[in-house]
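Just so it is clear, none of the values below were taken in a lab; they were calculated from the coordinates. From a predicted model like this one, the values you see are computed outputs, not experimental measurements. With ideal geometry, Cβ positions are generated from the backbone for all residues, glycine too; neighbour counts draw on all protein chains shown.
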Amino acid sequence: MNTMLRLHDVHKSFGGNTVLTGLSFQVRAGEIVGLLGPNGCGKSTVLNTITGYCPIDNGLIEIRGEPVNGMSSHEIAAKGVRRTFQLPSMPTRMSVEEVVMAASIQKHGLFSTFCRSGSTRRLERDTRSRAQHLLAELLLTKVAHLPAASISGGQKKLLGIACAMMEQPALLLLDEPMAGVHPNLRAELVSTLKRINEQGITLVIIEHDMHFISETCSRCVVLDKGKTVADCLPCELESHESVVEAYLGKKPSGQYQVAGVTA
Ligand SMILES: Nc1ncnc2c1ncn2[C@@H]1O[C@H](COP(=O)(O)OP(=O)(O)OP(=O)(O)O)[C@@H](O)[C@H]1O
Ligand SMILES: [Mg+2]
């Protein structure tokens, strides 16, 4: 299968804070890969580097075999890469539906998306219909006409996914999609993401919710101290020594312990 995303020996520091220290991993087209690791290990930074929000110091990032490090986030988005944010912030003066419609600006331009006259009417109708379809799929129809900034944190997460899906990306990068979303919606979100994947969209999902990861992902990449420490099946996570060590720390005796629990 073709490689959709490849990071090779990526280094990134913020001043004296070295975050990525030779990170390498690959994602094949059509996969759903979980990106895991303890708080602060650099997961969101990885998404920021892939999407051009954050330039890398050294290394290589490729999308479908083409190097993208050094490109602007706009240029990388034009290659079919979309992402959501861990802490999404939404505009106060646009409705939820308008925010989703605006996500197609990149392709059609602001004027085309909102102009209400002449030949752009059909485009607006199609854009609205796609936005409404996505809002329904992400259970946001009831809040479609509310100001986007007024909806709940969990709903903003779902709205971020709707926006990212507006232009049918090739690669979708999700930063903690379950965080703040009610656990009752987990099954809905899992099946929505699987449906998205069945449309041919490759997914990389950062998530701490292990149930969610095991239900959604076909493979997991685990980061610790700026590097990949495991690349395994979700069912192998619990018994993977480096993963346990990354999350729980290693005792000098060789046993692992957190909060009095020995593994
Ligand atoms: N723009 C930035 N400027 C300075 N430091 C940053 C910046 N972005 C990230 N960092 C630092 O990089 C490190 C990794 O942060 P990052 O947000 O990538 O971690 P994470 O794995 O996503 O953590 P979490 O699971 O808590 O979301 C942290 O020490 C953070 O302070
Ligand atoms: Mg993060």
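Can you give the calculated 222 nm mean residue ellipticity of the chain, where each DSSP H run of n ≥ 4 adds -39,500 (n - 2.57) and the sum is split over every residue, rounded to the nearest 500 deg cm²/dmol?
So the calculated ellipticity at 222 nm is -9500 deg cm²/dmol.
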Connecting every pair of Cα atoms under 10 Å apart in the chain and solving the GNM, the largest mean-square fluctuation among 178, 166, 94 falls on 94
The chain, Gaussian network, Cα under 10 Å: of 238, 188, 215, the residue fluctuating most is 238
Given a Förster distance of 41 Å, the FRET efficiency implied by the Cβ-Cβ spacing of residue 94 and residue 235, rounded to the nearest 0.05, works out to 0.45
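In the structure shown, do any of 12/194; 79/227; 156/194 have a Cα-Cα gap over 30 Å, and if so which?
On the way: 12/194 32 Å; 79/227 26 Å; 156/194 20 Å.
Pairs exceeding the cut-off: 12/194.
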Computed over the chain: longest principal axis from alpha-carbon atoms vs helix 186-198 long axis, angle to nearest 10 degrees, is 80 degrees
Measuring from the longest principal axis of the C-alpha atoms of the chain, the long axis of helix 153-165 (C-alpha) lies at a number of degrees, nearest 10, equal to 70 degrees
So, with points 7 Å from each Cα along the Cβ direction, the residue 128-residue 214 label distance in nm works out to 4.6 nm
Averaged over all viewing directions, the convex hull of the alpha carbons in the chain casts a projected area in nm² of 15.7 nm²
In a Gaussian network model of the chain with springs linking alpha carbons closer than 10 Å, the residue among 194, 79, 142 that fluctuates most is 142
So the FRET efficiency between residue 195 and residue 60, C-beta based with R0 = 41 Å and rounded to 0.05, is 0.80
